[in-house]
Every structure is written in structure tokens, then in C-alpha cells.
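J.: Take a look at the following structure, please.
The values are calculated or read from the model by the stated rules, or taken from the named source; none is laboratory data. The structure displayed is predicted, hence computed values, not measured ones. Cβ atoms come from the backbone with ideal geometry, glycine included; neighbour counts cover every protein chain shown. For the accessible areas, the whole protein counts, side chains as well, though only heavy atoms, and no ligand, DNA or RNA atoms are used. Shrake-Rupley method; radii C 1.70, N 1.55, O 1.52, S 1.80 Å.
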Protein chains: 2
Amino acid sequence: MELLQTLQNIVGADNVLTGDAVRARAVSWVDHSPCQALAIVRPASTEQVSRALAACHAAGQPVVPMGGLTGLVRGCTAGPHEIGLSLERMHRIESVDPVNRTITLEAGVPLQLVQQEADKHGLLYPVDFGARGSAHIGATVATNAGGNGVIRYGMTRDSVLGLEAVLADGTVISSMNQMIKNNAAYDLKQLFIGTEGTLGIVTRLVLRLREAPRSLQTAMVACSGFGNVVQLLKHMDAALGGSLSAFEVMWNEFFRLVTTPPARGTPPLGQEHPYYVLLEASGGNAERDQARFEEALGEAIESGLVADAVVASSEAQREALWALRDDLEQFFRLGMPVGFDISLPVSEMEDYVREVLARLEQQWPAYRRFVFGHLGDGNLHIIATGPPSRDAKLGIERCVYEPLAARNGSISAEHGIGLEKQPWLALSRSEAELALMRRLKAALDPRGILNPGRVLPA
Amino acid sequence: MELLQTLQNIVGADNVLTGDAVRARAVSWVDHSPCQALAIVRPASTEQVSRALAACHAAGQPVVPMGGLTGLVRGCTAGPHEIGLSLERMHRIESVDPVNRTITLEAGVPLQLVQQEADKHGLLYPVDFGARGSAHIGATVATNAGGNGVIRYGMTRDSVLGLEAVLADGTVISSMNQMIKNNAAYDLKQLFIGTEGTLGIVTRLVLRLREAPRSLQTAMVACSGFGNVVQLLKHMDAALGGSLSAFEVMWNEFFRLVTTPPARGTPPLGQEHPYYVLLEASGGNAERDQARFEEALGEAIESGLVADAVVASSEAQREALWALRDDLEQFFRLGMPVGFDISLPVSEMEDYVREVLARLEQQWPAYRRFVFGHLGDGNLHIIATGPPSRDAKLGIERCVYEPLAARNGSISAEHGIGLEKQPWLALSRSEAELALMRRLKAALDPRGILNPGRVLPA
């Protein structure tokens, strides 16, 4: 095939994988079947990405960008007529500026290495989630990844100062801004953040770093009603003056699952409460921060917002509390989990969850139901787990998404759309919004070669 | 004129101002000469904006959106063949949700009313700057306004959750998202934030509110070198764990100007130091926050970062310190001020300012030079003031912008581009970036009727 020869000329023969070399790779972290891509191209520079895309553009060849393959919406699943584009060779950290508090790097660097590099300079890269070891930083930008620190530091979008991206036709847009403030005309980087590689391929980045926290205060508390959970969020947020860095809520069923054998976790609080909250603050003065944290928590107990509480008094205790929140393995024990990542106004949440759980119980009684999430950001994860079935998955999706649409919620808070949620997108977006998205797509990728069919219909 | 008749049918005859009714209005806050617009149209709803734009689009009629006219880059200066579009009748606050911490409102509400409405609910709208009484909230979004709180809460962009906008052809894009996290496809609101009304007219908004701070700590400190200023920023930011809310730096000349008669301010510290910093933190616990603030400041004094300091011990003292920073009137006493709003990496700042001041001194010795700004955000304001002269203005611009371009700085940190900075834009943006901006403009406003010639060349 002529195009493959051209691509070999650009990136070198060793860096155009085909046949068994492609099949040896899995589709993704979730789907271990062999990758079906026509080829996987591995450029070493922005210039090679540019030339490779120009060639694909000229040939009308669909291209699927591939990161660490840890996404959850099949955004990187390449079919047999698609070429995968992996930036795995572009993993250079170019520089850290500790005064300006920025890091400049290539898009193929794994998230964890970004965090580690920042740490070496007493700085923090605040985006963090479970797949940190494999997720490419460029892919976290392309998907606007969330995670646990959003309540304090925002989404990935809020940590991107500048970037370089390549358009479908090979045009390089170098917009490597290093400043927090830059209103010199359109903020082009926004086009490439959260658009899942459908408008361009991010090749380099300037990220904002923060001063690393010097102290952490962590507690698990129990609440007797949802109204108390919401009031607790407002109380702690106000009392801690900007240092609240996690507010993770678990409904009772979730808490019992992860604190009952065969789960390894033990219950730090009685298992009878309807809601549990994992609270964390991070600050700059360990002694003063701990006193302030405990005072704020004490007020919440006194005023009846909190029914019971345990404060971590060591790093081991802190890790044990977080291990409960992160013990998602338990879902797999119970069958095939159907997972959701939705957001809606906090004021609608109690009523919404009640409706979803009632629908699921009535229509899919064989599936167990769990709810947890980043309540401080309006983001819930809902899991239904039971016998694997295509019909059940569809029916469960209906139970979750329909009441969400009625409340103007979002079908994707932090995981994106990919192929997986594409059929449901019209529940969260109006026809006018979708038409404008298509107009953007047509303007930037007129031949539709970039990740076609993901996010928007092909 | 047929178009004016159509517009009258849409918004009512009283709401299409022409002739003397237009001339009775000033061009802007800075330019008091009569407005030259062909007409000023004042719609009362998104639907009227939509119909009015559809009519202008059909007629190829240029439209200039008008807010409170307090911008500094001539973004709203309508010429005799342009129609002004003012949302001054769209000033309804629709709702406040104290649980979700959002406010929903029309775009013509003045910023100060947004702040006051939030305050009634114990909440804060964190964007703040001098023109708060007249600036329309929609215009602050269209210009991505900055201000004093950016170091803590970000730019206006970071406070916009959702919006409704009307495209040039009248298409209404209603994207009134209320959630902090929403990755359901492209984040369309970004197209209308900071694009100065060239891609669409923002008509309604959902803004994010924060818990109102319960305590403020304020100090003015003197530093003997720029390196100390930078280290102080890092030290205070780390020690205060997220509550640092202002870090405003004044070079010596600025400090002396505002603390020497006829200025009303008196020097809270000796006038001999090269740099002064106005520091502020805001928190949730007055007593504890004050102790932590003073401890952090004490460490800075002990380690030699700070040469002298004064901490405000009352609201009156706090206001007196801020009054120094805000006493920009003094520039006008000395002649015609030529002002700049630039940003560059903090690590380049000392060297850059030295070069600019030397150039100005050599080439424009009749002009006095002042430097101050939001150093925590990499944003400086430079003022040269002296005899009014068109040539001098151009020459001074050259002295400021050329060394900036060499350091990859931005010619506009927070004030935008408008007409004023358009000729200099190529210093901050590459040809590829400008071409992509034009591609976006063509996709969204193919006939080029929205604020033509502002931001990008017509």
C-alpha cells in the first residue's frame, strides 16, 4: 500500500507496525482482544506527526490517536481500515521552570512521570487518577481528564497553559503559551482540550504546576441524610478557605461492599449510615492546618451535620481510607459492571439517585446497584453489576440516562464520549449545539479523517 | 432604511436609537466624543437578539456589541456604518442556586449586581475590577476579564459554567450547563469567552459562585530585589495552602507617585525600597487565618525575603493599602498616559522590565515610567506618561512590545485586543495561529458582520 510506504519514509520502517506487531497489542485496558488497526504509526516529533497526517489527509485515510489505552469510552479503538497514531516515542520532558511554575513536555509522557518531575522541584501537577502510570499526558488533555483533585484545582483544562497541535491536514499550530493570563485574541488551545482527538493531535504541552502541599488532613465521616452531606460540603469549603481538596461521597451499598469480606477493607465507621464522605484538605502548615481541620469537623459534628467521624492520624490510616474509595475491583466479583460517569446539579442529586435506583430495582432486579463519586464537582459514578448481557446494558443505560436528561445533567462528566456514549449524546446536547460541533469539525477536519465517528457521528 | 424598519419591528421603535439619541451617548469611558453608530439596537430577549442578527446577516450589516463601554481596547467603538447592539435591557437575574453555587442571569447585568446578589446568599462571585459598576457581565465573559482575584480564582473563563449565545446568522446556541464537570463532547462555550463578540453574542449565563471568605489578611511589604519578590510569592503561596488571593507588585517609581503629594496616600513604609508587594489572603476562620498569615510573613522577614512590612489591623487600614494600588488617577496628572497590559513568564520579568525602562529613558526621556501589576499571574501594567502625541504613543508601544515579543510574552494579558492592539497582534501570535483564527471566524460568521476588524483584521 502506497500510503504505508510514505509513512515508513516519514517515521522509519520500524515505526509503522502492521500485522502481528499490531495484533500483539490489546484493544485497550478493558478489552484484551487484539488490536485490529491497519497499522500503528509511531512518530518521533511534531514534524513527523505533521507529515504523517498530511499524507493521511491526502489519501483520505482515517486516523485514530492512541494514548495509554486506559480510556473508558472506546475513544482509541481502531478498526481494520483505520491507522493508529501513537505518540509513545514522544516522551521527552523538555524543561521545568520552578519560578514560573510550568513544565514543558511532549504529549506521550505518562501522567505519573509528570507528577514525579514536578515533585522533584517541590511542585505539584494536580491532575490525578488511577491510570496515572499508563495514561499519556496528551491524551489526558484531549479528554480533559478529571479525577480526585478537581474540587481544588479544576479539570485538566485548568492546568493547560499552552500546547502544540497538528490539524488533520498537517498544519502545525504552535501555541506554547506559558502565562496564566493571555487574552491576545482567540484561545486556540481550547479547540484541542476535551475534543478527543477529533479536531487535532496534541503533540507538546506547557502545563501549570502548583506549590506542593506540605500537609494533608483526611477524614471519613458518616451522614444521616443527603441534605447533611450537601451542608457539610458548604461548611467545610467555607471553613477551610480554599484548602478543601477532596469530597468523595459513598452511598451505603458501596460502603458496605468495600468494607465486607471478601473485600480487604474493614469499616472505619459503623455500616448503618446512609452516606459516607471521604474528606481531605491540603495546606502549607501541618500543625495549624490539622487544628483548623479538626475544629471545622468538630463544628459539623456539634451542629448535627455529621453523625460519626474518624480522622486519619497517620499516612497508613489515610491510605486505608482512600483504599476503600478506590476498591473498584469489588464490582467485577459480582458480575459484569455497567458503569456510568454522570454529572448534574447537586440540588437535583438526591431525587435523581432515588429515581434511578428505583427504576433499576424494578426493571433489573438481578443487578446490584452502587453509587459514589466526586460530589463536590456534581459528578457521580453509578454502577450496576450482574450477568453480562447486551440487552441488560442497554436497558440499564436507559434507566440512568433518561432521568438525567430530564434534569439537564451530562452523560459524561469526566470520561468523554468516544464511541461508547456517542449514541446517547443527543440526551445531553441540543440539535443546535450538535450542528455547531459539526460546523467546527468540518472547518478543522474537512475530510473527516481524525477519529471519525468518535464524539460526533461520522 | 429598510433594515432599520425591520429592526424596529423586532425590538420596538423606541429601542432602535438613531441620530441625536445615538450622538447623546459617548464613544466610551475613555473617549467622551459622541457615538458615531448608524443606530443602537436594544433587544429585550435572546429571541430578539436572534431575529435582529438574522436581519443584519441577511443585509450584510456590520454589528458592534456594546456593553458598559469601560473596555480599554476600543472593542465597542462603532463607526458610522455600523449598528451597535446593546443588551442594556437584558439585566434580569433569573435565579441563584445556593446548593449548587450557581447564578443564572442575562448578559446585560452589571458585574457589581452579580457580586451583590451572590453576597446575599453568603457566596462570592470572584471576578472583580474597578469598572464593576458599569461593566456588563456578558462583556466580561466576551473579554475574559481578569482583575485582582485571578491568582486564587482564575480568569472569568474559570467562572463560566454555561452560556447562551447567538451566532451571526441568528442561530441560538443554548448551552446553559450548570456543572463543574461536563465532558459531553465539545465545550462550545469556549468559543464565546474572550473572543470579544467576533464569533457570537452572549445573551445569558450560568456562573459559578464560591463560598464567601469570612476573613481577610492584608499586608504591604518591601523587598530589596526582584529575586526576593519571586521567592516571596512562592513562599506565601505554599505556606498559605490555597488562600493567597492577591499578590500585587509596585516598582519604586509607582509607589513614590501614589504616596507623595498631591496624591492623597501616605507611605506605609519607607519610600526607598525597589519593590513593594500588596499581599492578601482570604480564609474561613479569622483568628486562625491571621495567625497563620503573620507566621508566614514572619518567616519571610526572618529569611530576608522581606525588608520591611506592615500588616493591616483594621478594614480602614486595608482600604488605605488598596487605595495606593488603585490610585491610577495620578497618571493623568502627569500628562497623557500610554498604558500597557502585558504578560510574560515571571522568570523573564526582571530582565524585560529593565530593558523596557532603559529603552524608554533613552528614546522618550520626557515621559515618566511606572510599572506595577498582578505579578502572581505574570501580568504587568506599564505606564508612560507625558505630552500627548501620536508619534510618541507609537514609539513607546515599540519600546514595550518588541522586547516582549522576543520573550514570547503576550501583548494583552487581560484587556483583549479590540481595535487598539490589532496592529500589534502578530507580535504575540504566529501566522499559523492567525490563520486558524480566521478559519474559525469564517466558519461561524461567514459574512463577517460581527465586530469586524476587531481582534482580527477585517
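J.: In segment B:1-17, which residues are open to solvent by less than 60 Å² (accessible area, probe 1.4 Å) and under 13 Å from residue B:38 (Cα atoms)?
T.: B:3, B:4, B:7, B:16, B:17
J.: Another question, then. Being surrounded by fewer than 19 Cβ atoms within 10 Å (Cβ to Cβ), among the acidic types (Asp, Glu) and within 21 Å of residue B:225 (Cα to Cα) is the requirement here; does residue B:348 meet it?
T.: No.
J.: Now for a separate question. Counting only residues that are of a type outside the set (Ser, Thr, Tyr) and open to solvent by less than 30 Å² (accessible area, probe 1.4 Å), which one in segment A:336-345 is farthest from the other protein chains (Cβ to nearest Cβ)?
T.: Among those that are of a type outside the set (Ser, Thr, Tyr) and open to solvent by less than 30 Å² (accessible area, probe 1.4 Å), it is A:337.
J.: Report yes if residue A:175 is of a type in the set (S, T, N, Q), open to solvent by less than 10 Å² (accessible area, probe 1.4 Å) and within 22 Å of residue B:145 (Cα to Cα), otherwise no.
T.: Against the criterion (of a type in the set (S, T, N, Q), open to solvent by less than 10 Å² (accessible area, probe 1.4 Å) and within 22 Å of residue B:145 (Cα to Cα)), residue A:175 does not qualify.
J.: Another question about this same structure. Need the failing condition index for residue B:225 against (1) within 14 Å of chain A (Cβ to nearest Cβ); (2) among the small types (Gly, Ala, Ser); (3) touching a residue at least 60 places away in the same chain (Cβ under 8 Å); (4) within 26 Å of residue B:379 (Cβ to Cβ), just the number.
T.: Here residue B:225 clears every test but (3).
J.: OK, next. Hey, among the residues in segment A:194-215 that are assigned to a loop (DSSP other than H, G, I, E, B) and within 23 Å of residue A:100 (Cα to Cα), which one's least open to solvent (accessible area, probe 1.4 Å)?
T.: A:209
This table checks each residue for (1) closer than 29 Å to residue B:140 by Cβ; (2) of a type outside the set (Gly, Ala, Ser); (3) within 11 Å of chain A (Cβ to nearest Cβ).
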position	(1), (2), (3)
B:236	yes, yes, yes
B:265	yes, no, no
B:271	no, yes, no
B:277	yes, yes, no
B:296	no, no, yes
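J.: Checking the structure you have, find out if any residue of segment A:359-376 is assigned to a helix (DSSP H, G or I), at pLDDT below 95 and either open to solvent by 10 Å² or more (accessible area, probe 1.4 Å) or within 14 Å of another protein chain (Cβ to nearest Cβ) (or both).
T.: yes
J.: Inside segment A:262-306, can you point out the residues that are small (Gly, Ala, Ser) and surrounded by fewer than 20 Cβ atoms within 10 Å (Cβ to Cβ)?
T.: Of everything in segment A:262-306, those that are small (Gly, Ala, Ser) and surrounded by fewer than 20 Cβ atoms within 10 Å (Cβ to Cβ) turn out to be A:263, A:265, A:270, A:286, A:291, A:298, A:303, A:304.
J.: Out of B:84, B:138, B:108, B:68, which single residue is in a helix (DSSP H, G or I), touching a strand residue (DSSP E or B) at 6+ places or on another chain (Cβ under 6 Å) and away from chain A (no Cβ under 12 Å)?
T.: The conditions single out B:138.
J.: Let me ask something else about it. May I ask you to say which residue of B:208, B:204 is farther than 30 Å from residue B:295 by Cα, within 11 Å of chain A (Cβ to nearest Cβ) and modelled with pLDDT of 95 or more?
T.: When all the criteria are applied, what remains is B:208.
J.: Looking only at segment B:422-446, filter to residues that are more than 7 Å from chain A (Cβ to nearest Cβ) and farther than 16 Å from residue A:443 by Cα; which one of those is surrounded by the fewest Cβ atoms within 10 Å (Cβ to Cβ)?
T.: Here the residue is B:431.
J.: Output the residue which, of all residues in segment B:32-46 that are over 24 Å from the mean Cα position of the chain (by Cα) and polar (S, T, N, Q), is least open to solvent (accessible area, probe 1.4 Å).
T.: B:46
J.: Go through segment B:274-300 residue by residue and tally those that are touching a residue at least 60 places away in the same chain (Cβ under 8 Å), under 15 Å from residue B:231 (Cα atoms) and assigned to a helix (DSSP H, G or I).
T.: Final tally of qualifying residues: 4.
J.: Looking only at residues that are within 14 Å of chain B (Cβ to nearest Cβ) and open to solvent by 10 Å² or more (accessible area, probe 1.4 Å) in segment A:240-255, which one is modelled with the highest pLDDT?
T.: A:245
J.: Is there a residue in segment A:381-401 that is assigned to a loop (DSSP other than H, G, I, E, B) and surrounded by 19 or more Cβ atoms within 10 Å (Cβ to Cβ)?
T.: Checked against the condition, which is being assigned to a loop (DSSP other than H, G, I, E, B) and surrounded by 19 or more Cβ atoms within 10 Å (Cβ to Cβ), segment A:381-401 yields no hits at all.
J.: From B:214, B:264, grab the single residue that is out of contact with any Gly (no Cβ under 8 Å at 6 or more places or on another chain) and more than 20 Å from residue B:146 (Cα to Cα).
T.: From the options B:214, B:264, the qualifying one is B:264.
Residue by residue, here is whether (1) in a helix (DSSP H, G or I); (2) among the aliphatic types (A, V, I, L, M); (3) more than 14 Å from every other protein chain (Cβ to nearest Cβ) holds:
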residue	(1), (2), (3)
A:404	yes, yes, no
A:408	no, no, no
A:420	no, no, no
A:448	no, no, yes
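J.: Scan segment B:146-163 for residues that are touching a Pro at 6+ places or on another chain (Cβ under 8 Å), more than 8 Å from chain A (Cβ to nearest Cβ) and open to solvent by 10 Å² or more (accessible area, probe 1.4 Å) and report the count.
T.: Number satisfying all stated conditions: 2.
J.: Right, another one. Please specify each residue of segment B:164-193 satisfying the condition of being among the hydrophobic types (A, V, I, L, M, F, W, C), more than 7 Å from chain A (Cβ to nearest Cβ) and under 17 Å from residue A:343 (Cβ atoms).
T.: Residue satisfying the conditions is B:176 alone.
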